[in-house]
Amino acid sequence: MANKEEFFDHINNGYATKGESITLGAAMLDGETLTNAFVKIPLKTLNRHGLIAGATGTGKTKTLQILAENLSEKGIPVLLMDMKGDLSGIAQPSPGHAKIDERHEKIGLPFTAKKFPVEILSISDQKGVRMRATVSEFGPVLLSRIMDLTETQSGIVSVIFKYCDDNKYPLLDLKDFKKILQYTTDEGKDELAKDYGRISTASTGAILRKVVELEQQGADLFFGEKSFDTDDLLRVDENGMGYINIIRLTDIQDRPKMFSTFMLSLLAEIYSTFPEQGDSGRPELVIFIDEAHLIFKEASSALLNQIESIVKLIRSKGVGLYFVTQNPTDVPDGVLSQLGLKVQHALRAFTAKDRKAIKLTAENYPISEYYKTDEVLTSLGIGEALVSALNEKGIPTPLAATMLRAPMSRMDVLEDNELKELIDESKLIKKYNDVVDRESAYELLNKKIEVAEQEEVKAKAEKEKKAAEQSSSGSSRRRSSSKSTQSVWIKTLSSPTVIRSVLGILGKMMR
Ligand SMILES: Nc1ncnc2c1ncn2[C@@H]1O[C@H](COP(=O)(O)OP(=O)(O)OP(=O)(O)O)[C@@H](O)[C@H]1O
Ligand SMILES: [Mg+2]
């Protein structure tokens, strides 16, 4: 049996912080909680990303809730990807429970019930603030990656974006994009061939099929205006508490492509709009992705590379990313190797494969003279986890089996009427929930085609008239039929249009 006092000092020294920190709970040794042996995570290292893993029902989502609440309390805004719809309770205080008191007594922390400022967001028809992005903002690189296009097809997408940019056609939604795709090989084929090269119908047909596939996953609800301003994720309420922004994604579980599209575009937008952070000592925003295996499921290797690079880059913007998933192996190695905080809940050893995974997981933790890691991993109780973090200097802290604190807010979901009230009170709803369908590529191209057709009819009539005159007068002056088409439709768009990141935020980043 290890010396308890020695272990107590080992933890207290290892988790000592000078700056602000979040207390997760107290360390445990041989199944016993050591009161006041606090496991603390410095705010300074929270942009170093993390993982919350463990078998089903072991407490991962509650750990996410604890972290989110404590960040909010420190004035740090949070964004939660709520895949199961079980996080809305954060907007109400915990009703308390004898077991919670018991837990906190063991830890040595007083328990306080508290509610937190919550904003509910959505990327589909669900209730909440609608988050959208325009196709232009999304950019050709990301769009091509998401659709898993070939190099040739991606090249065409870039040309199309360039053409729309040159001609000031805003690409807002997928309707615009489909229209331009069709236009490039139909009415506009000669015009495009002149400046951009001829585009093959087979290629645009293939791209179109991919767009339809995206639409079938519900992406048509996501693309469009009004596009979401990521600064709205950074709000702090009148009491100095960071907003906990919850994106309800319960209807997206079976649509992984849509989910990864959304995630990547959001991260890319955050990366491109947030200022570079010096050593500020605290994160600007912390993002938690529950059921994170969904973004990696079915992601092509090109997409995985993209995710890996953005995870690497976004840290400098003061943004921490936390993946919550059952097994650490759900997360690709390239991402796993960049994670500073690991909160590993119990793993269950049912099969030989499970045992192998446990062994592998244990090997990835720092060696501890106090624990047999693989044994601890299978014996942790609910709401307990093996924690390894980074101290203020960026050095790994001692491994600590931790009795985690309980959430201050409600562990259960909001009632329907509570949810309605929360949504009714939202200021952002008013800003984002009106559907805008302003004149964009779709309308402009239709107008252009119409004008061209009219001109053609006019020209034909004129030609016939001339021919008749000629046959009577003998004169042979010719007129150009379509010289004015271009100016007509360029003028229709007089206001300055916002075509941000035409080459794609990520495209720029990668260069
Ligand atoms: N820190 C905690 N304090 C008190 N109770 C907890 C804590 N963590 C977990 N629990 C209890 O365990 C239950 C399951 O926790 P949770 O929903 O977080 O599990 P999970 O790992 O996310 O499960 P799943 O994989 O099914 O999503 C909770 O409803 C709660 O009763
Ligand atoms: Mg969960």
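The values are calculated or read from the model by the stated rules, or taken from the named source; none is laboratory data. On a predicted model such as this, the values are computed, not experimentally measured, just so you know. Glycine gets a Cβ as well: all are built from the backbone with ideal geometry, and neighbour counts include every protein chain shown.
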Only one of ASP333, ASP412 is outside the structural domain of PHE8 (by TED's automatic domain parsing) and surrounded by fewer than 21 Cβ atoms within 10 Å (Cβ to Cβ), namely ASP412
Check: Does ILE295 qualify as being among the hydrophobic types (A, V, I, L, M, F, W, C), modelled with pLDDT under 90 and either more than 25 Å from ASP254 (Cβ to Cβ) or within 16 Å of ligand 2 (Cβ to nearest atom) (or both)?
Finding: yes
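Looking at segment 1-109, what helices (runs of 4 or more DSSP H) fall wholly within it and have at least 2 residues that are within 16 Å of ligand 1 (Cβ to nearest atom) and either at pLDDT below 95 or touching a strand residue (DSSP E or B) at 6+ places or on another chain (Cβ under 7 Å) (or both)? Quick ask: steps written out before the conclusion?
Details: elements: 4-14, 60-73, 98-107.
Fully inside segment 1-109 and qualifying: 60-73, 98-107.
Does GLY318 qualify as being at positive phi, small (Gly, Ala, Ser) and at pLDDT 90 or above? Spell out how you get there, then give the answer.
Details: at positive phi: yes; small (Gly, Ala, Ser): yes; at pLDDT 90 or above: yes.
Against the criterion (at positive phi, small (Gly, Ala, Ser) and at pLDDT 90 or above), GLY318 qualifies.
Table: residues versus (1) more than 26 Å from LYS178 (Cβ to Cβ); (2) not small (Gly, Ala, Ser).
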site: ALA219; (1), (2): no, no
site: ASP237; (1), (2): yes, yes
site: MET241; (1), (2): yes, yes
site: GLN253; (1), (2): yes, yes
site: ALA292; (1), (2): yes, no
Contact list, first residue from segment 143-164 and surrounded by 19 or more Cβ atoms within 10 Å (Cβ to Cβ), second anywhere and outside any helix (DSSP H, G or I) and not basic (Lys, Arg), beta-carbon distance below 6 Å, six or more apart or interchain, is ILE156/ILE199; PHE161/VAL502; CYS164/LEU171
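I'd like the residue in segment 66-89 that is more than 14 Å from ligand 2 (Cβ to nearest atom) and β-branched (Val, Ile, Thr) and, out of all such residues, is nearest to the chain's Cα centre (by Cα). Can you show your working first?
Narrowing segment 66-89 to residues more than 14 Å from ligand 2 (Cβ to nearest atom): 69-79.
When the remaining residues are screened for being β-branched (Val, Ile, Thr), the result is 76, 78.
Working: ILE76: 18, VAL78: 12 Å.
Restricting to residues being more than 14 Å from ligand 2 (Cβ to nearest atom) and β-branched (Val, Ile, Thr), the top hit is VAL78.
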